[in-house]
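Please treat every number below as a calculation from the coordinates, not as lab data. Keep in mind that this is a model prediction, so the values were computed, not measured. A quick note on method: Cβ atoms are made from the backbone with ideal geometry, for glycine too, and the neighbour counts reach across all protein chains shown.
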Amino acid sequence: MPIIKSAKKRVHVARKASIRNSKTKRALKGSIKSLSAKPSASTHSDAQSKIDRALKKGLIHKNKAARMKKRAAAKAKAANAKPASKTVAKAKTTTTKKPAAKTAAKKTTPKRTTKKS
């Protein structure tokens, strides 16, 4: 066991981080397995999300993340699982006039009167 106070803190922080990292890695592995078992659009998007999260936290290398995402996309494509596309609703475009730019009002300084005594 460490004796120095800062070393004790590092042990405590490292323990918390390892628990957090193991949870993230376990979720990543589970989502990849569920994609392999039943490829669909939802499992594909879930797997990509978990991969991106693990990458952001520094648990996996960027090249590994890219490779995993490529394989996930290939599995989804082979199963004809099209990703859920974001539909953009095309609303009627109306031309709206922008309000005229307000000009800054000039500051008027009061005239100073000098008192003659």
Report summary line: Of the listed pairs Lys16/Lys62; Lys25/Lys70; Lys25/Lys62; Lys23/Lys77; Lys29/Lys62, those with alpha carbons more than 21 Å apart are Lys16/Lys62; Lys23/Lys77
Report summary line: If each K or R counts +1 and each D or E counts -1, the residues other than Ser34 whose Cβ falls under 12 Å of its Cβ total +4
Report summary line: Cα extents of the range 31-84 along the principal axes, largest first, in whole Å, come to 31, 19, 15
